Amino acid sequence: MQAYLVNEFRRQCAARRAPAYEHLRRTLQHAIENGEAAPGQALPGERELGKLLELSRVTVRKAIAGLVADGLLVQRQGAGTFVAERIVKSFSKLTSFTDDLRARGLDPKSVFLERGTGEVTPDEAMALNLSPGAQVVRYYRLRVANGQALALERTVVPQSVLSDPALVENSLYEAFARLGLRPTRALQRLRAIAFDAEQARLMQLAEGSPGLFIERRTFLDDGRVVEYTRSFYRGDAYDFVAELQSE
């Protein structure tokens, strides 16, 4: 991995002007995304990385801290820094399932269980700030990465935003981007669940296996709600983290 890090770091430095810690952060992230650093693999120590790339330990520490905050790396007291094995999802950043998995070098896919349009339900109308009778697009998807089922998602989008269900091929947020839409904030609620028989069958888990339920409402800059998603994540694959600060 050392040769890859040296070459990629040089490429990053030549490609753009940025602080050295940012070049190193991108270098390490690319190593993870490209499989050069596998889940669970230990990184070289701060001193070794600094010597390898001619950087100070302060610079190395800052780059690593950023990737720990993003959930790509984990630090174990007295053992070192490792590529995260469980998928660590940060609640402090608005990212999609596809973005999260690709950042970890995984290949995310969607299996559409249901896809269509219809009239908004009362609960959906409240969540999306829609009037009764409004039309919506609905998706029920099994979210998979590298052949493993990770989540079930039920998503509702106003049809005024997404005219055709076929516009979403894999990632909803990629479809938004093609339409020039950029979600800027979201409200999320999380609670523990146990998968029922049908959910467990789809996820290839035992009935009653622990999971995490997340309800998300996503907004554009102008205040419009463009997404109402209820996700059911397997509990043995995800850690959810949030940074808290005092007032």
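Listed values, structure above:
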item: Volume in Å³ per residue [convex hull over Cα atoms, computed for the chain]; result: 165
item: Ranking of 68, 225 by count of other Cβ atoms within 10 Å, fewest first; result: 68, 225
item: Around residue 218: net Lys/Arg minus Asp/Glu count, Cβ-Cβ under 10 Å; result: +3
item: Built amide H within the under 5 Å cut-off of residue 43, gap 5+; result: 81, 82, 83
item: Positive-end residue of 160, 246, 126, charge dipole of the chain with Cβ unit charges; result: 246
item: Rounded Å value of the spacing that divides the Cα centres of region 1-30 and region 180-232; result: 35
item: Estimated translational D of region 2-85 in µm²/s (Stokes, Kirkwood radius over Cα pairs; 10 °C; 1.306 mPa s); result: 126
item: D_trans [Stokes-Einstein, Kirkwood Rh over alpha-carbon pairs] for region 120-247, 25 °C, 0.890 mPa s, µm² s⁻¹; result: 154
item: Charged-residue dipole, Cβ positions (Lys, Arg, Asp, Glu), region 1-97 about Cα centre, Debye nearest 20; result: 300
item: Relative exposure of 87, 193, judged by other C-beta atoms within 10 Å (fewest first); result: 193, 87
item: Sites residue 82 and residue 131 - FRET efficiency at Förster radius 51 Å, r taken between beta-carbons, to 0.05; result: 0.50
item: Links that overshoot a 23 Å alpha carbon limit, given the list 62/93; 62/89; 51/89; result: 51/89
item: Cβ-Cβ FRET estimate between residue 245 and residue 117, R0 fixed at 35 Å, reported to 0.05; result: 0.25
item: Residue order, fewest to most surrounding Cβ atoms within 10 angstrom, among 30, 23; result: 30, 23
item: Relative contact order computed over the chain (Cα-Cα under 8 Å; 6+ residues apart), in percent; result: 15
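Computed from the coordinates by the stated procedures, all read-outs in this text should not be read as laboratory data. Bear in mind that the values here come from a model prediction, so they are computed numbers and not experimental data. Neighbour counts are summed over all protein chains in view; Cβ atoms, including those assigned to glycine, are modelled from backbone coordinates with ideal geometry.
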